[in-house]
1. Starting from region 73-98, keep only residues that are touching a residue at least 40 places away in the same chain (Cβ under 8 Å), then list their pairs with residues that are of a type in the set (Phe, Trp, Tyr) and in a helix (DSSP H, G or I) whose Cβ atoms are within a distance under 8 Å, requiring at least 6 positions of separation or different chains.
2. Inside region 1-38, can you point out the residues that are among the aliphatic types (A, V, I, L, M) and free of Cβ contacts under 8 Å to residues at least 60 places away in the same chain?
Amino acid sequence: MKHLVEFRSYTLKTASRDEFHQLIVEQSMPMLERWGVDVVDFGPSAHDSDSYYLIRRYDSLAHREQSQDAFYGSDEWKQGPREAILALIETHTSFVLELDEVTVNGLRRKNWGRFEP
């Protein structure tokens with residue numbers, strides 16, 4: 001089975017990655033779980049101190065659009081961590097690849113509780 005996997009890369013404001021990571025772990029990830037978003041992995045990027053990534057899996061492009069419209073349009077997001085998270089982002093980019101189940105599961109973080117800023 002093939003899945004569409006979105007890789008999102010963030011360039012954060014200088015020296016804000018620890019704060020960004022804390023907001024993601026404590027506020028954004030629990031919300032994404034409640035909204036049924038399949039987060040494959042996320043965290044600080046290894047290549048520099050101001051980069052961060054998020055990997056999400058979708059069944060189709062339509063599923064991605066519907067999921068993101070619902071989540072980012074929700075009052076929970078808008079009245080929750082939205083402003084604090086967006087204030088720390090300089091830029092972001094996304095790309096979507098079609099990947100098989102084995103590859104997606106190979107990318108999947110097994111234990112979110114092990115994240116460190």
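Taken together, the values in this text are just the output of simple stated rules run on the coordinates, not laboratory data. Note that this is a predicted model, so its numbers are computed, not measured. All Cβ positions, even for glycine, are placed from backbone atoms using ideal geometry, and neighbour counts span all protein chains on display.
1. What qualifies is 77/71; 85/20; 88/20; 89/20.
2. Residues of region 1-38 among the aliphatic types (A, V, I, L, M): 1, 4-5, 12, 15, 23-25, 29, 31-32, 37.
The answer is 15, 31, 32, 37.
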